[in-house]
């Protein structure tokens, strides 16, 4: 396969990665037709909605879709037509952690990747560049290539597999796509592989400086995504471990993080303590790395990375226990307002959100919970809580959990407010009004270190901030 000029792109999967990534490609490359396909009709209808009520929330995404949709950006459920016409196909489907079978709880479930790959093999009548965009275990491309070669109905059709992992942070994904730290493209080091790599690199070169487009071997690219997320999560678990020491000694985790972050060898990023990390990547990718290490008979390596996840779970348990201990060792029958349900601000994504664990813990203590989040749909909240408590009927959950339309409504007649997501609006609400509606003493637990604790104490609140102990 000689280098080809990419004129038509198909993206299989219209979710958090495929949607924003290919929308930006369409915006920046008006000469390329980009079609994002998905079998979920409701999701495609949302992408095509006249009021731009898109299926995911990401700052800046609506503006991108508004400019490109109908010009050279299209959303469709006609997967076969898009595959047939495309020069390059992104596979951007979900790869959740397996829930059963070999590797359950650690390994990635590649069922959707395999289904998409088999569909490409069955439909394609001309040679294609197939790009892994989903986060996958190392050497998944080899499996994809085997499936493509074994199932292609056209002997003259050739496939080249590339790895092009995403490094997006939800809440800043559009900015990350407009000005990425790097674009990583992995290929086989054959001439055909390098030619395919060059074809994709030319797409990104329409707006990304060429020195930021890194071309590497296929397996290095796949492993780099897992490694990057694992090391970022490791920093979060490390600072969270130190936050427990701060609370016990009277130190301030903000001050410790600032001092450590001024070391040029360390840097300040990802040194902010919190109730725990969440999202679609960190925990899944670390568990994937654990499973890979165990499969390679490296038990010490597996144990090392497993501890990052253990520390994250400990941080969530420690925070919920702090709430119980502070509220006189019982929250039975007490009303707890949980502000924030998304795993972080500026996204509606709830995957692995610490708020889910906190609420489950509060309900196990027989508390009543009221939830407010500015972006998460009610249906998603009920789904997440049902999955977190599979032995409890949804009707019983709804009997003790409410969803409020505002932070003030959530706090009314509550004993405590728990900040679980760092939404900016929580720093600007009228806390005096909040205080006036709460039972006394009124408690605030800041799991994201975003509130002015001294001002809240002046109002009358009893305030606990994660990572901050009592001063001597």
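Where a number appears in this text, it was derived from the coordinates with a stated rule and is not lab data. It should be emphasised that the depicted structure is a prediction, and the values quoted were computed from it without experimental measurement. Neighbour counts are summed over all protein chains in view; Cβ atoms, including those assigned to glycine, are modelled from backbone coordinates with ideal geometry.
General observations
- Based on C-alpha pairs under 8 angstrom that are at least 6 apart in sequence, region 1-148 has a relative contact order of 26 percent.
- Our helix-only sum for the chain, with -39,500 (n - 2.57) per DSSP H run of n ≥ 4 divided by its residues, gives a mean residue ellipticity at 222 nm of -13500 deg cm²/dmol.
- In degrees, nearest ten, helix 140-151 long axis to first principal axis of the chain (Cα): 40
- For the chain, the longest principal axis of the alpha carbon atoms and the long axis of helix 191-204 meet at an angle near 50°.
- Kirkwood's formula applied to the C-alpha pairs of region 1-138 gives a hydrodynamic radius of 15.6 angstrom.
- The slack in the chain from residue 77 to residue 378, taken as 0.36 nm per residue of separation less the alpha-carbon distance, amounts to 105.7 nm.
- Shown for the chain is the translational diffusion coefficient from the Stokes-Einstein equation, using the Kirkwood radius over Cα pairs, a temperature of 20 °C and a viscosity of 1.002 mPa s: 90 µm²/s.
- Restricting the calculation to alpha carbons of region 251-465 gives Rg and Dmax of 18.1, 59 angstrom.
- Ranked list, fewest to most other Cβ atoms within 10 Å of each Cβ, for 195, 391: 391, 195
- Cα long-axis angle, helix 18-28 against the chain (0 to 90 degrees, to the nearest 10): 60
- Arranged from fewest to most other beta-carbon atoms within 10 Å of their beta carbon, 249, 172, 350, 421 become 249, 172, 350, 421.
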